[in-house]
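Asker: Before I ask anything, here is the structure I am working with.
The values are calculated or read from the model by the stated rules, or taken from the named source; none is laboratory data. Please read all numbers here as calculations on a predicted model, not as lab measurements. So basically every Cβ, Gly included, is an ideal-geometry build from the backbone, and we count neighbours across all protein chains shown.
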Amino acid sequence: MLSVWGKSHAYLESIEMPKDYLLGMSDVQKRAAAKALTKLPRMNALRKANGALYTAHLAQAGLNHVNPSLHENHLFLKYPLLVHDRAAFMRKAREANIPLGDWFCSPLHPVEGDLNQWKFDLDRYPNAVFAASHVVNLPTDTRKPEKVIDFIDKNSSLIMDATLGGRITNP
């Protein structure tokens, strides 16, 4: 399996840990990490503010959202949202240039396809199966959250309502 960078991701092909998987960082990675750390407080504040903005907007519209009581100690790397049709929502987001996250694209993310090798029993984990086909992730590091809010408004029929009570239940 090759990634977009042309490197093999053997850890996605087998349950065996690839040779040298736990090696340390290169100097280039260390410099990039140090630079990113200087921006972290500002980025965390932006993510937290956008998470609060999304929650307020979704709650007002009667759509599913992260319970505000969970916000205090959470920075929202991405904002999870339950949708009726994940593929349609993702397609519309691409068309609108909204960079959604694709976490949880499989009940055993990021492995897709036949999960037998990993001894994953789909019937035993119905919430994971449900989440894999219904969760999308809104961007929180955007400086234009109003663009995301506008997209939410235009596609609200694809978003599950708030009757789920903030929980994923068996489909």
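Asker: Of the residues that make up region 97-105, is at least one within 28 Å of Arg143 (Cα to Cα), β-branched (Val, Ile, Thr) and in contact with a helix residue (DSSP H, G or I) (Cβ under 7 Å, 6 or more places away or on another chain)?
Answerer: The first filter runs over region 97-105 and keeps only residues within 28 Å of Arg143 (Cα to Cα), leaving 97-105.
Cutting the leftovers down to β-branched (Val, Ile, Thr) gives us 98.
Checking the rest, the ones that are also in contact with a helix residue (DSSP H, G or I) (Cβ under 7 Å, 6 or more places away or on another chain) come to 98.
Within region 97-105 (the criterion being within 28 Å of Arg143 (Cα to Cα), β-branched (Val, Ile, Thr) and in contact with a helix residue (DSSP H, G or I) (Cβ under 7 Å, 6 or more places away or on another chain)), the answer is yes, since at least one residue qualifies.
Asker: Being within 18 Å of Leu46 (Cα to Cα) and acidic (Asp, Glu) is the filter here; which residues of region 59-111 pass it?
Answerer: Answer for region 59-111, where residues must be within 18 Å of Leu46 (Cα to Cα) and acidic (Asp, Glu): just Glu72.
Asker: Still on this structure, I have one more. Here are the criteria: (1) modelled with pLDDT of 95 or more; (2) surrounded by 15 or more Cβ atoms within 10 Å (Cβ to Cβ); (3) charged (D, E, K, R). Tell me which single one Arg86 does not satisfy.
Answerer: Result: Arg86 fails condition (1) only.
Asker: Only residues in region 51-80 that are closer than 17 Å to Asp161 by Cβ count as the first member; pair them with residues that are charged (D, E, K, R), Cβ under 6 angstrom, at least 6 apart or cross-chain, and list the lot.
Answerer: From residues that are closer than 17 Å to Asp161 by Cβ, the pairs are Gly62/Asp161; Leu63/Asp161.
Asker: Something else about it: Any idea which of Ser133, Ser69 is among the hydroxyl-bearing types (Ser, Thr, Tyr) and touching a helix residue (DSSP H, G or I) at 6+ places or on another chain (Cβ under 6 Å)?
Answerer: Numbers: Ser69 fails: touching a helix residue (DSSP H, G or I) at 6+ places or on another chain (Cβ under 6 Å).
The match here is Ser133.
Asker: Another question, if that's okay. Among the residues of region 1-58, which ones are touching a Ser or Thr at 6+ places or on another chain (Cβ under 7 Å) and either modelled with pLDDT under 80 or part of a loop (DSSP other than H, G, I, E, B) (or both)?
Answerer: The answer is Met1, Leu2, His9.
Asker: Is it fair to say Ala132 is closer than 17 Å to Asn64 by Cα and small (Gly, Ala, Ser)?
Answerer: Details: closer than 17 Å to Asn64 by Cα: yes; small (Gly, Ala, Ser): yes.
Yes.
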